[in-house]
Structures are given as C-alpha cells and as structure tokens.
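So the structure is just underneath, and the comments pick up after that.
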Amino acid sequence: MLTRVRSAVVNFMGGVMAGGSNGDHPGGSDLPLKFPYSRPEFLGLSPDEIECSADHIARPILILKETRRLPWATGYAEVINAGKSILNEDQACCEVLVVKKKPPGGSAPSRVNMTRRRSSLPNGEDLTLRDNLDGSEDLTFHYWALFDGHAGSGAAVVASRLLHHHVALHLQEVMEILCTPNLPPPTCLEEEPVNHLLTTTSNRALTRAASLRGAAGAPGSPNTPPTRFFTEKKVSQESLVIGAIENAFKDMDVQIEKDKATYDISGGCTALMVLYLQGNLYVGNAGDSRAIIIRAGEVIPVSAEFTPESERQRLQFLAYMQPHLLGNEFTHLEFPRRVQRKEVGKKMLYRDFTMSGWAYKTIDEDDLKFPLIYGEGKKARVLATIGVTRGLGDHNLKVHDSNIYIKPFLSCCPEVKVYPLSQWEHKADDVLVMGTDGLWDVLSNQEVSEAVTSFLANCDADDQHRYTMAAQDLIMRARGVLKDRGWRISNDRLGSGDDISVFIIPLMYANKQN
Amino acid sequence: MAYAYLFKYIIIGDTGVGKSCLLLQFTDKRFQPVHDLTIGVEFGARMITIDGKQIKLQIWDTAGQESFRSITRSYYRGAAGALLVYDITRRDTFNHLTTWLEDARQHSNSNMVIMLIGNKSDLESRREVKKEEGEAFAREHGLIFMETSAKTASNVEEAFINTAKEIYEKIQEGVFDINNEANGIKIGPQHPTTNSTLSSSQGGHQAGGGCC
C-alpha cells in the first residue's frame, strides 16, 4: 500500500515537471509563485537535471560540478528524501556580497546598493581580493545558508533567494561604523552619521556628546529613559553585526507574511546561516540544522538546535501568559504521558515553565487537555503539530481541524554565535560543516568529524574539489544504502529518509585573503 | 515536452572509457576531448521516437573510479537500461567487465536491458580488444553489443536507441510492470486526446496519480 502511494507520488512528480509547472501542492493556491521551485542556483542545474534529482528510489547525491567553484573552495552536496515529500524541501545559498555605501543625502531607505558576485566564477577569490584593495569603502561579506522547509517548499525557496539581501541591507545601515574598526559604536547617531564619523577628530567627544543628547533614546529602544554617559553600556562592533543578522531574519519573516497576500508561499523553513565579515565567522541559527567547526580533528559546536524540548520553558511561559493561544484545547503543563480521566484527583509527575526538574501535582480537569509540548526527541511536537520551534514562514499553519495558530509559538529570531576566525591558524583540513537535520539525526558530531577528517586526509591537498567530495561522502554515510528493510547506514542502523544538505567550508582561505 | 514513456538509463564502466563523452554526444551532438572526471553522478536527457511514440531518455552518467563505487552502486536501482562501456584501446577496461556486470546484476532489477559498448572505435590503430571478443562476451552474457565512437558519433545514436527499442519491446511483451517505478519506466503526463492509444493498465495509473 505504501509502495503504491509512493509510486503514484513519484509518477505525479514526473508529470508535474514535464508539464513545466512548478507547484508543489496541487490545488492549494491560485496565486503565482514568487520564485519557481528549483535547486540551489550555484548547482546550475537544467530542468532535466532537476527532474532527475527528484528520484526517491535511487536518491542521487547532487554535488557541485567540477566546472563550478564556490568561494573558499566550499564543498556542497545534497540528496532528496525517501518519499516523504515530492520535492526536496531543503534549499541552500552561497554568495559573496559587496555592500556599497548608501548614496549621501538620501534619507529614505534606498534600495540596497549592492553588488552580487557570480559565486560560480572560477577566480572568485581573486576578485574579492582586488575589490578589497581598491574599494576600501565597500564592505565585503561571505555568506552560506541552509534552509529546511516543511509543509511545502515555498518559504525555503523564498528565504534562500532573499535572506542575504536583508542581511546586506542591515549591514549597510551600520557599515560606516563597521569600517572604522577601532571605534566603539556611538550610542546615538547624528542625522548624517557618514560625515560626522569621518570628520570628527575626537571620537570620544562625539560619543559622549551624542549620548548626552540622546535623551530621546537610542534607535531600537524608543522608550528607554534618558541615559547618562557614565552608566553607558559598551557595545561592541560584533554585536552590531549580530543585531543586523537578527533584524534581517525578522524582516525576512515579515516579508514572507506580506508576500503571502500576492504570492503562493507554502509552508515554513528553518534557517542556518554563516557569515564571514572582518575576520569573524557569525553563525546564525533558527531551527534544528547544525554547524560545527572541526579544527585539528577537534569538534567545536557553533550552533544549538531549537526544538520543542530545548525551548519548552519559553513556550510554556508564553502559553501561561497568553492562555487564549491554546484555544482551550491544550495545557501548558508537561506530563510524562497523557493524563487519563480516571486519574483526576491523584498525584502525577509534571513540570511547569519554571522548572527543569519534575514534581507531583494533584490532577484536575484542566490537566486532561492535550499538552502544549508532547513527545520525545525527534517526535516531540508543539501543539501536536510541529517539531521545530524557530524559523521563517508558517504564518497560516494551524493545529489540524482547529482555529489555533502555531505561529505565535514560533520565533524567527536566530541565535548568533561568533567565532574569531582570524585569531586561529587553520590548516587545509580545518573546516566548518553545516548540515540540515537529515545529517545530524543519524550521525553524531564525532562521527561527522571523523568521517570528514579521514576523507580529507586521503585526498590530494591541492584538489579544490576535495571538500565537495567530502560532502558527498558525508551524505552517503547519512543516507546509506537501500536494503530490504529500508535505507541502512553503518552497523545496520537506519539511514536518514529526510532531505539532507551539507556545506563543508575550509577555513584556511579566510586568512589567506586578508 | 510530452512523452508517452520515460526510460531511465545508467552508464557504467571503468574510468576514462568515454561514458560522459557518449552522453554528451547523444544529448548535445558534440565531442569534448578533455572532460572533467565525473565524481558522482551527472544527468542528461533526450527525446527519441520509437514506433511513433515520444520517449524521453533520462540518462545517469556515473563516476567510473573505484573510490566512488559504493556511491554509484546505489544508482542502478530503478534503471530500465544500462550502457556498460569499455575502451577498445585498453584491454584492462575489457577485463573488468565481469565485475561491472556482477555489480549491475546484483543491484538492478532483473529485467534491466544491458547494452555492451566498445567505445573509441575511431582509434583503430591502437585497438587492443577485437570486435569479435566484445561480441563473444555479449553473447555469453545475453547482452546487446555495439562498437561506438563518441568522437565521430559513429553508432552513438544507435546504441541509445537500440537499447530503448529493446525496453519498448519488453513493455509490449508485458515483461515490465510499468506501474512500478522501480523498473525505471514512467508513463508520461496524460492527455485525454492521446488516451486512446494507451493500454488499459495506464488508465489505472492515471487514477492513482490523480488522487494525490
């Protein structure tokens, strides 16, 4: 029966692609797509190749072609799921972006004056170098991102095309400050920050004067009481970049919501992005993808996952404060299992938003409702619906057969971690590995680290394609081989039936460039 | 765009025998003397006509290198046809055919049509494997056989199309279960006007496809 359904799905897929239509949820919406379904731009696949890639039977591992290059010789590979959705709902993006100064005088937020570089240029590295030399006013950043879609591919496709533009816009806002590395960011900006920053000789005076006049409050916190300079908080350059990334995620989410009025943007997605700027790697994560750094064979985690379990207390607190969000059908309390009617009046283990441990409470009628968070590990769900608690999109997602919206419980806010890349010497085998949950569900950090390290050790060190081959090897290890009892990996463990996408970014190129 | 059937092919054989060049010659009608090493799988597609029907060939071109064998092995699944290629100027590529054939037979469906191809027939002066040897190997293992040149395009069309004809005949004989996509055959998107030419089993498929 399952095979028959899958057969129908796959055949339907062939029909959809051949017909030239790109919709992934037939009959769902009459609105046009904002971007047609595709695979990552940098793979440069033809429609025929995209059709081939969507084979749920053989599950081909797609890799970056030898004729194409990504910045820093980044490696990439991906594979489609084993049949859970028609399309591959993962998406990826890799770009080098140059942010130009805003044209002077323009007070209205102008379109971002930004050059996007062809990421597939074979000599991309040289271009970056040249630009850095003659365009000291420009701000260049490297960007890698993975998106893992659910309930449709729309949000992931849109985010993969647009998130970096939002990041660039927000970096443009503060680029004058970022381009003066030894200065702490002024607390309050003058109306023409450009001129003041560049002409003032005593920057401390500027900061103080600015903050003294800053009674109206700093941007972003309009209601703060008047600040006095001697209690002023020191804000680092890095936190300005973190703020830019956080606001970019928020804007991306708002844009998806707005665009849904005119376009068909299905589902939601997680987002994991890595940004390299001025010697630092910034890793922003909203969802359950993961990034680790492997340095001299040692694993350094640079992101943490957001799941119903990891975010239980935040979600419970929200539900406690705003019980109407639960629609009188759920309880914010957690119990080890569903409470049965006959247990009312007895004492049972529970925990509230204030607790990480457990205690006993007397069961009442209200506790019979379905728990806000239910299930364990990969099966944990919020409102019995969704297994990931941060990301973009999902504005229309509701609990099945009800009017309860999920979105209030989801956060689009990434956690951003900073890795001071330029402070370390990196060798050719030191890499950052980014993967969607399909990878990490079946392989531990240690297994990934050992696999990548041993694979790279067996490659020609000068082969620029080694990182893509290592990515292909990782996907192979996570997908496994189709046997009689499904996809299997080493030690006869179950392989991942999910979409899997992996970037392997060598870290030595950052220092070579500077 | 519309096709009656889609056949999935896989091209296998030692590294450097000209697999990618055969594909390029067939899909783009050009020869590229220096080709990057295929390091996993690459795809090509072309429409052909058999018995007045449009058939789309979806071709998976695999890496020949031993180190990628575990990856490429998983691509046999769901292939209706395989082109097993050796280089007539390199005896070792012919000697390895048995290993390739065992691999293919073990990991594919039993009905897969295998075409044995001795490539680089333009390099007659450097020939190490006689045509008769290729023919004998094919006869012994029940394969179709041709010598081709991806460079001059000699027999390239024929190799791909004859394989398709063989698959098509097997469909007519009812050997293939065309509703099981693991056989490497899909029925094209259906149009009411062409339904009359299709057999009754495809009507069943259409209902199945429509429900999702």
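The values are calculated or read from the model by the stated rules, or taken from the named source; none is laboratory data. Just so it is clear, the structure is predicted and the values come from calculations on it, not from any experiment. Glycine also receives a Cβ, built like all others from the backbone with ideal geometry; neighbour counts cover every protein chain displayed.
Table: residues versus (1) closer than 18 Å to B:VAL156 by Cβ; (2) of a type in the set (Asp, Glu).
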site: B:TYR86; (1), (2): yes, no
site: B:ARG91; (1), (2): no, no
site: B:ASP103; (1), (2): no, yes
site: B:GLN106; (1), (2): no, no
site: B:ASN111; (1), (2): no, no
site: B:ASN119; (1), (2): yes, no
site: B:LEU123; (1), (2): yes, no
site: B:LYS131; (1), (2): yes, no
site: B:ARG139; (1), (2): no, no
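Filtering region A:311-343 to residues that are surrounded by 15 or more Cβ atoms within 10 Å (Cβ to Cβ) and in a loop (DSSP other than H, G, I, E, B) leaves A:GLU311, A:GLY327, A:HIS332, A:LEU333, A:PHE335, A:VAL339. Among the candidates A:GLY279, A:GLY284, A:GLY267, A:GLY297, the residue that is more than 30 Å from A:VAL431 (Cβ to Cβ) and either at pLDDT 95 or above or in the same structural domain as A:THR74 (by the TED database) (or both) is uniquely A:GLY267. A single member of A:LEU333, A:LEU326, A:LEU315 is closer than 30 Å to A:LYS417 by Cα and in contact with a helix residue (DSSP H, G or I) (Cβ under 7 Å, 6 or more places away or on another chain), and it is A:LEU315.
Taking (1) buried (at least 23 other Cβ atoms within 10 Å of the Cβ); (2) farther than 24 Å from A:ARG479 by Cα; (3) modelled with pLDDT under 95 in turn, B:VAL85 satisfies each apart from (3).
Among the residues of region A:451-503, the one identified as assigned to a loop (DSSP other than H, G, I, E, B), of a type in the set (S, T, N, Q) and facing chain B (nearest Cβ under 10 Å) is A:ASN458. Take the conditions (1) closer than 21 Å to B:ALA63 by Cβ; (2) in contact with a helix residue (DSSP H, G or I) (Cβ under 6 Å, 6 or more places away or on another chain); (3) in a helix (DSSP H, G or I); A:ALA510 misses just one of them, which is (1).
Please indicate, with yes or no, whether at least one residue in region B:75-98 is among the basic types (Lys, Arg) and in a loop (DSSP other than H, G, I, E, B). The answer is yes; a qualifying residue exists. Here A:GLY438 does not fit the description of being on the phi > 0 side of the Ramachandran plot and outside the structural domain of A:LYS378 (by the TED database).
Restricting attention to region A:398-416, the residues that are surrounded by fewer than 18 Cβ atoms within 10 Å (Cβ to Cβ) and touching a residue at least 60 places away in the same chain (Cβ under 8 Å) add up to 6.
Looking across region A:72-93, the residues that are in contact with a His (Cβ under 8 Å, 6 or more places away or on another chain) and either surrounded by 24 or more Cβ atoms within 10 Å (Cβ to Cβ) or not assigned by the TED database to the domain that holds A:HIS150 (or both) come down to A:TRP72, A:GLY75, A:ILE80, A:GLU89.
Do the conditions hold for B:ARG69, that is, is it assigned to a loop (DSSP other than H, G, I, E, B), at pLDDT below 95 and within 28 Å of A:ASP48 (Cβ to Cβ)?
On the way: assigned to a loop (DSSP other than H, G, I, E, B): no; at pLDDT below 95: yes; within 28 Å of A:ASP48 (Cβ to Cβ): yes.
No: the conditions fail for B:ARG69.
Evaluation of B:TYR3 against the conditions (1) within 13 Å of another protein chain (Cβ to nearest Cβ); (2) at pLDDT 95 or above; (3) not in a helix (DSSP H, G or I) shows that the sole unmet condition is (2). No other residue among B:THR15, B:THR49, B:THR98, B:THR27 is surrounded by fewer than 24 Cβ atoms within 10 Å (Cβ to Cβ), modelled with pLDDT of 95 or more, more than 22 Å from A:GLU78 (Cα to Cα) and within 12 Å of chain A (Cβ to nearest Cβ) apart from B:THR27. Restricted to region A:21-43, and to residues there that are modelled with pLDDT of 95 or more and within 14 Å of another protein chain (Cβ to nearest Cβ), the residue that is nearest to A:PHE503 (Cα to Cα) is A:LEU43. Of all residues in region A:384-398, one or more are in a strand (DSSP E or B), touching a helix residue (DSSP H, G or I) at 6+ places or on another chain (Cβ under 8 Å) and more than 20 Å from A:PHE317 (Cβ to Cβ).
Look at region B:60-73: where a residue is closer than 16 Å to B:TYR9 by Cα and a partner is assigned to a helix (DSSP H, G or I) and of a type in the set (Ser, Thr, Tyr), sitting 6+ places away or on another chain with Cβ atoms under 6 Å, you get B:ASP61/B:SER20; B:THR62/B:THR72; B:ALA63/B:THR72. Scanning region B:140-165 for residues being charged (D, E, K, R) and touching a residue at least 24 places away in the same chain (Cβ under 8 Å) gives a total of 4.
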